[in-house]
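To start, the structure under review is shown below, and the notes come after it.
The values are calculated or read from the model by the stated rules, or taken from the named source; none is laboratory data. Since this is a predicted model, take the numbers as computed values, not measurements. Note: ideal-geometry Cβ built from the backbone for every residue, glycine included; neighbour counts use all protein chains shown. Quick note on the areas: whole protein, heavy atoms, side chains included, nothing else; ligands and nucleic acids left out. Shrake-Rupley method; radii C 1.70, N 1.55, O 1.52, S 1.80 Å.
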Amino acid sequence: MLSIDWRTPAAYRHTRNLPAAGFAWEYLRRNNEYRQEYRALAASKQPDSEHLEAFVERWGVRFPQQSRRAA
């Protein structure tokens with residue numbers, strides 16, 4: 001759960017200078033459905049491409065490809 005008081009303007013003062021993508025992220029990261037789906041996807045060791053693409057289509061986000069090999 002977020003620790004800021006969403007009802008106070010001071011909590012969002014930083015959004016005045018955000019580009020559109022940053023503002024969209026601030027909105028999206030507070031969406032409970034997005035958070036649940038992201039956690040489920042992240043918990044999967046290797047999500048299949050069909051589930052990953054459905055997530056991308058639904059939420060309009062993409063994540064950088066990361067190697068899962070130990071460095």
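Every condition in (1) at pLDDT below 85; (2) over 12 Å from the mean Cα position of the chain (by Cα); (3) open to solvent by 100 Å² or more (accessible area, probe 1.4 Å) is met by Arg62 except one, and the failing one is (2). Total residues in the stretch 17-52 satisfying the condition of being in a loop (DSSP other than H, G, I, E, B), without any contact (Cβ under 8 Å) to a residue 12 or more places away in the chain, charged (D, E, K, R) and within 18 Å of Ser3 (Cα to Cα): the figure is 1.
I'm checking my understanding of the structure. Among residues of the stretch 1-50 that are of a type in the set (Lys, Arg) and farther than 14 Å from Val61 by Cα, which one is most open to solvent (accessible area, probe 1.4 Å)?
Arg16
Checking Glu26, Glu57 one by one, the residue that is out of contact with any Ser or Thr (no Cβ under 9 Å at 6 or more places or on another chain) and at pLDDT 80 or above is Glu57 and no other.
Selection of first residues in the stretch 3-15 that are within 18 Å of Trp25 (Cα to Cα) and of second residues that are assigned to a loop (DSSP other than H, G, I, E, B), restricted to Cβ pairs under 6 Å at least 6 apart or on distinct chains, gives the following pairs, ordered by first then second residue: Ala11/Ile4; Ala11/Asp5.
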